[in-house]
1. Take the conditions out of contact with any helix residue (DSSP H, G or I) (no Cβ under 9 Å at 6 or more places or on another chain) and more than 20 Å from Thr226 (Cα to Cα) and apply them to Glu153. Does it pass?
2. Kindly check whether there is at least one residue in the stretch 562-580 that is open to solvent by 50 Å² or more (accessible area, probe 1.4 Å), closer than 30 Å to Phe328 by Cα and among the charged types (D, E, K, R).
3. Out of curiosity, is Val317 buried (at least 22 other Cβ atoms within 10 Å of the Cβ) and over 30 Å from Leu464 (Cα atoms)?
4. Could you list all residues from the stretch 566-599 that are under 16 Å from Met280 (Cα atoms), assigned to a loop (DSSP other than H, G, I, E, B) and not aliphatic (A, V, I, L, M)?
5. Quick one: how many residues across the stretch 219-266 are hydroxyl-bearing (Ser, Thr, Tyr) and closer than 22 Å to His316 by Cα?
6. Out of curiosity, is Ala201 among the hydrophobic types (A, V, I, L, M, F, W, C), at pLDDT 95 or above, within 30 Å of Asp309 (Cβ to Cβ) and surrounded by fewer than 21 Cβ atoms within 10 Å (Cβ to Cβ)?
7. Only residues that are of a type in the set (Lys, Arg) and either over 30 Å from Gly337 (Cβ atoms) or free of Cβ contacts under 8 Å to residues at least 40 places away in the same chain (or both): list them for the stretch 88-135, please.
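The values are calculated or read from the model by the stated rules, or taken from the named source; none is laboratory data. Quick caveat, the model's predicted, so the values are computed rather than measured. Positions of Cβ are generated from backbone atoms using ideal geometry, with glycine treated the same way; all protein chains shown enter the neighbour counts. These accessible areas exclude ligands, DNA and RNA; they are computed on the full protein's heavy atoms, side chains included. Shrake-Rupley method; radii C 1.70, N 1.55, O 1.52, S 1.80 Å.
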Amino acid sequence: MAVSLRLPSLTLTNLFSSPSSLPILRRRRPHGTLLRPPPLAASFSSQRAEAASAQTQDKSKSSKGSDQVITPRSQDFNAWYLDLIANAELADYGPVRGTMVIRPYGYAIWESIQDYLNVKFKETGHSNMYFPQFIPYSFIEKEASHVEGFSPELALVTIGGGKELEEKLVVRPTSETIVNHMFTKWIQSYRDLPLLINQWANVTRWEMRTKPFVRTLEFLWQEGHTAHATPEEAENEAIQMIDIYTKFAYEQAAIPVIAGRKSKVETFAGANKTYTIEAMMGDRKALQAGTSHNLGQNFSRAFGTQFLDETGQMQHVWQTSWAISTRFVGGIIMTHGDDAGLMLPPKLAPIQVVIVPIWKKDEEKVAVLNAASSVKEVLHTAGIKVKLDDSEQRTPGWKFNFWEMKGVPLRIEIGPRDVSSESVVISRRDVPGKQGKVFGISMEPSILVAFVKDKLYEIQSSLLERAIAFRDSNIISLIIYLFEVKKANGSITLDCGKTMFSLNLVFGLCYNTDILKKHGIFFCSNIVDVNSYDDLKVAISQGKWARGPWSATNEHELKVKEETGATIRCFPFEQPEGIKKCFMTGDPAEEVAIFAKSY
């Protein structure tokens, strides 16, 4: 069957120029809905014990030249993840089970995420503000599906100032209810719309099974809330925000995501539709990395949030909410990290370049440190995030491994010989050993800055390409046929005799065929979906993602979850053409769905 395909070009220009260079996702038809992922298999405390046990059993796996112990990813992905967080100094366990303390380096990654998204939110007309953390329980009860969905996760305050409260308070799990309470005060007329706000805040959800960054009792996020005069405006807003998250994932985090609509079973409690971006982690599980909800009028009716329209009639507003959280830090770790530690995309790395000076004799020290300081100043002036590690408590070899653990994209080494030749040695984090090391790069500012920036571009591109290749190899095989249109004497002929190749394609994001057609290039594909429930079971048992036509009931979907552990991650925005039959029921199906186990 044929499918229209679009995929962001992986050129350096697209990766490091304005984000507008990435094609924006658009739906084939109106759809909608979203979820909070299922709980994990182990608590914070038990995970820590398991990781400690793994470390004790395998001391031989310690990082060469350092005192850090990392369990190999292939041996135990979960233990590797916990080891990495500890040794890269990203977070530590809080005194309350299921909480975490985000350490400066981990928080710096979150700040990089904030810096990008804050600009995008303001560019699209949203203003930052803040709502109280405590919410009257009666607010939560006003929207039936909302209270049903969140009740198991609520943290309640019943005593304040030493006295029992007249009404118990909810510690903010999300803010739709209190936002609507305030919107009802602020919105009176159509002139007050649209109302577009965002807040950076913490939320509390009493999870029974937790995992650092991915699922904790308390986490940090941004949550946008908007009110509109028409359903079309609300739908456009919900789509616009999932587009922004998609661009962020590709261009900043180098994480390829599948964007689409959640099933009704997986929809956010209180929403009409939820849109999501789904990412494949290194263990092939899915991570819901960002969501955007079309709330319809569910909350405005519950709270009486109305406005006087242009005809003088009272109407309930149409609303959206959307969020991305510190869970994305976990996604970056699990997408790019390796046995040596973190591997950060340059655009989000708190430190893009670390300089390690090397000397043996005291008489070499001053010249080496002076040269290192000069290089640091050159790079800093050029806008590159650089650190000079001139501490004398550790050896250069230890520092190499330490900064590799921290995922710094580039390392510059400067020794006495480099000072004499006025050059440096530069190593890439994503290419281990001698293959990733370049000698004799001039210290001349224009040459050095150009080289460093070029390598940062290459690393950002390489991480994205690598993640796409891994993800696609674990979803489905696609064979792409390339046809080149040749125009001669006013006629058009097709040359397809020799070009057939495999291409790393993304479900939900494809090459912009309209642009390619202008240059005489067409893409077609043959996609083989799962055709039966047995096919799905086999794919999931192999740890892969599966795609297949779906029009079955909610009960069928719950059966799949119970029997395979997989859920519908989304109905991708881009859908194959042609007649389809649901692999579960044999009934006609309009869409295909992506199934996978998830965090």
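1. For Glu153, the condition - out of contact with any helix residue (DSSP H, G or I) (no Cβ under 9 Å at 6 or more places or on another chain) and more than 20 Å from Thr226 (Cα to Cα) - is met.
2. Within the stretch 562-580 (the criterion being open to solvent by 50 Å² or more (accessible area, probe 1.4 Å), closer than 30 Å to Phe328 by Cα and among the charged types (D, E, K, R)), the answer is yes, since at least one residue qualifies.
3. yes
4. Taking the stretch 566-599 first, the residues under 16 Å from Met280 (Cα atoms) are 566-572, 593-599.
Remaining after also requiring assigned to a loop (DSSP other than H, G, I, E, B): 566, 597, 599.
Of everything in the stretch 566-599, those that are under 16 Å from Met280 (Cα atoms), assigned to a loop (DSSP other than H, G, I, E, B) and not aliphatic (A, V, I, L, M) turn out to be Lys597, Tyr599.
5. Going through the stretch 219-266 one residue at a time, the tally reaches 2.
6. Values: among the hydrophobic types (A, V, I, L, M, F, W, C): yes; at pLDDT 95 or above: yes; within 30 Å of Asp309 (Cβ to Cβ): no; surrounded by fewer than 21 Cβ atoms within 10 Å (Cβ to Cβ): yes.
No; evaluated as a whole, the condition is false for this residue.
7. Across the stretch 88-135, the qualifying residues are Arg103, Lys122.
Here's the yes/no breakdown for (1) in the same structural domain as Pro231 (by the TED database); (2) assigned to a helix (DSSP H, G or I); (3) not acidic (Asp, Glu):
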{"residue": "Glu148", "(1), (2), (3)": "yes, yes, no"}
{"residue": "Ser151", "(1), (2), (3)": "yes, yes, yes"}
{"residue": "Ile159", "(1), (2), (3)": "yes, no, yes"}
{"residue": "Glu164", "(1), (2), (3)": "yes, no, no"}
{"residue": "Glu167", "(1), (2), (3)": "yes, no, no"}
{"residue": "Val170", "(1), (2), (3)": "yes, no, yes"}
{"residue": "Thr174", "(1), (2), (3)": "yes, no, yes"}
{"residue": "Ile178", "(1), (2), (3)": "yes, yes, yes"}
{"residue": "Met182", "(1), (2), (3)": "yes, yes, yes"}
